[in-house]
Each structure stands twice: as C-alpha cells, then as structure tokens.
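Enquirer: Pasting in a structure now, in structure tokens, and then I'll have a few things to ask.
Coordinate-derived values only; no laboratory data. The structure displayed is predicted, hence computed values, not measured ones. Here the Cβ is made from the backbone with ideal geometry for all residues, glycine too, and neighbour counts use every protein chain on show.
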Amino acid sequence: MDSPRVKRPRIGISSYLVSPDPSRAAFGGKELLALGRSMLHYVTQADAVPVVLLPWKDQISVNCELIKSCDGLILTGGADISPQQYGEEPLKPEWSGQPERDAAELALIKEALDLKIPILGICRGCQLINVAFGGSLFQDIAAQCPTNLCHRNPAIYDLNAHPVKLAPNNPLVEIFEGREDLLVNAVHHQAVDKLGKGLEAIARAEDGIVEAIWRPNPRHPLVLGVQWHPEWIASHRSEIPAMADQTRLIKFFVQECESEF
Ligand SMILES: [Mn+2]
C-alpha cells in the first residue's frame, strides 16, 4: 500500500548577495546569491523544505510569490544593514551595508506579517527585524559601546563564543527548558540599539548587548530574532560541547510554522 503523502512545511530562506572579485575572470563583476549549506541542513533537520528567496530589489514580486507558498520565513546572516534603513548615515564608508538586500528582505518581512506566518531572524536577520519594527542599530559595537567582551574575532570566526542571559517568560526559555544562561557563538559587530516598537529583548550578553528579541504580543505568529548563528552551532557543536543543542530552536520554529492559530 502506498504511504500517504504528507506535505512537509516549507520555509522561505533569504539568501546572501555576493559580488565576486572583479579582478578575476570567473564571475568577475557578476552578482550571485549564496546560501550556506549548514543553513539548508539546519532546516532539513527539522523535517522542513527550504525555499531559497532572492536578495535583489527587482525580484520582490518573485519573492512575494515564493513566500505565499511558505509556512515560515527565515532571515539569514550576512553583510551589514545599511544605516539609512534606520535614518542614519554610515559612520564609515565600509559600514554602508547592502541597501539592495535590505530592501528585498524588508519587503519579505512585510509580506510574512501580512500572511501571518512566523519569522525567525538570525544575526543580521535579528537586526533587520528590529529595524523593520522601527528600531535602530549600533553601526559598530567597538566604536559606539566599547566593551571587554569579544562579539567578533575574525581569526576564529564562529568558534568565538560568549554567554548570554535569558529573560524569563519567552520562547527561548521554553526551547532551552528553563535555562537562564546559554553559551552562543558571536560573529557580529553591529547590534540592536533602540528596540523596535512592540519588541522585547530576551537575551543579553554580560555587557548589556542585546542577543535576542521577540514580539510578545501577539505571541503568534512567532517573530523571533537571535544574534547568534544556531545553524553553525548545530553543525559544529562537537567543537564547543558547552553550547546547547540549537536544533531545538529550529524544531520549535517549524512547529510554530505548522500550527494553526
Ligand atoms: Mn554577541
């Protein structure tokens, strides 16, 4: 007897906008989209189907069609968000970010909110949720809020880690079963400054930097952002065993995507 065909949840995932080295012949000057294999693996670990979304402004209508077929949206990490998105000029030219990708993803956030499907932001994605709700960012942690805590170390990249303290009564406490602290990877130099309207900081590093946000009201559909990269922790957990199992986060998110509220 044929097994019944069960439709797996589809999760739209924003992709990176990459400009290869123009001095080389291969792809020189041609823009590409990219998406980490660990991100795809992370989503399939929760038995969901990844749908790759596009990082270009002139593809917003395509993205809107794609996201209509999805049960949830993940905003991935990547380049800086342009300070223009929160009404500031870049303090340094190299902090100008990628307005092109910002525009594509801000349109996706709006569409996902209209469709009432859950949103998960990772690193840059967490910051973009904050900006979409009217909040602002620190353009550079070292320049604007000097701290002894290392939030980015290029030499060891995603093996750089620091603890975060979780606030009570939020999905992270549920996901990580009542833990008050989590050790997470840290690969960011921007951070949430002023919180977006209706958003709440639910994890902070010991220097006060915001490490996770969510929208408590309405609680569903879920809007959650984490400053760390759970997909890398899930893939390389053996390298820092003290880190919690972050597949719990994606399984929780996909469950939210499957639920009717
Ligand atoms: Mn951090």
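Enquirer: Give, as a single signed number, the net charge of other residues whose beta carbon lies under 15 Å from the beta carbon of Asn217, with Lys and Arg counted +1 and Asp and Glu -1.
Expert: Residues close to Asn217 contribute a combined charge of +3.
Enquirer: Over the range 155-205, consider all pairs of different Cα atoms and compute the Kirkwood hydrodynamic radius from their mean reciprocal separation; express it in Å, one decimal.
Expert: Hydrodynamic radius (Kirkwood, Cα pairs) of the range 155-205 is 12.4 Å.
Enquirer: Something else now. So, R0 is 25 Å and r is the distance between the beta-carbons of Arg179 and Asn217; what FRET efficiency does that work out to, to 0.05?
Expert: Computed FRET efficiency for Arg179 and Asn217 comes out at 0.55.
Enquirer: With the cut-off at 1.5 for a/c, could you classify the range 109-175 from its C-alpha gyration tensor as rounded, prolate or oblate?
Expert: Because a/c hits 1.5 or more and a/b exceeds b/c, the range 109-175 counts as prolate.
Enquirer: Over all alpha-carbon pairs in the range 175-261, figure out the percentage whose distance exceeds 21 Å.
Expert: Looking at the range 175-261, the distances longer than 21 Å represent 35 percent of pairs.
Enquirer: Using alpha carbons only, what's the Rg to Rh ratio of the range 73-219 with Rh from Kirkwood?
Expert: 0.95
Enquirer: Using all C-alpha to C-alpha distances in the chain, build P(r) with 10 Å bins and read off the rounded percent in each one.
Expert: 7, 31, 38, 19, 4, 1, 0
Enquirer: Provide, for q = 0.16 Å⁻¹, the log10 of I(q)/I(0) from a solvent-free Debye sum over equal Cα point scatterers in the range 26-131.
Expert: Each listed q corresponds, in turn, to -0.76.
Enquirer: List the residues, sorted by chain then number, that are 5 or more residues from His188 or on another chain and whose placed amide H is less than 5 Å from its amide H.
Expert: Arg152
Enquirer: Given the pairs Lys165/Lys194; Lys30/Lys194; Lys30/Lys251, which span a C-alpha to C-alpha distance of over 25 angstrom in this model?
Expert: Table pairs above 25 Å Cα-Cα are Lys30/Lys194; Lys30/Lys251.
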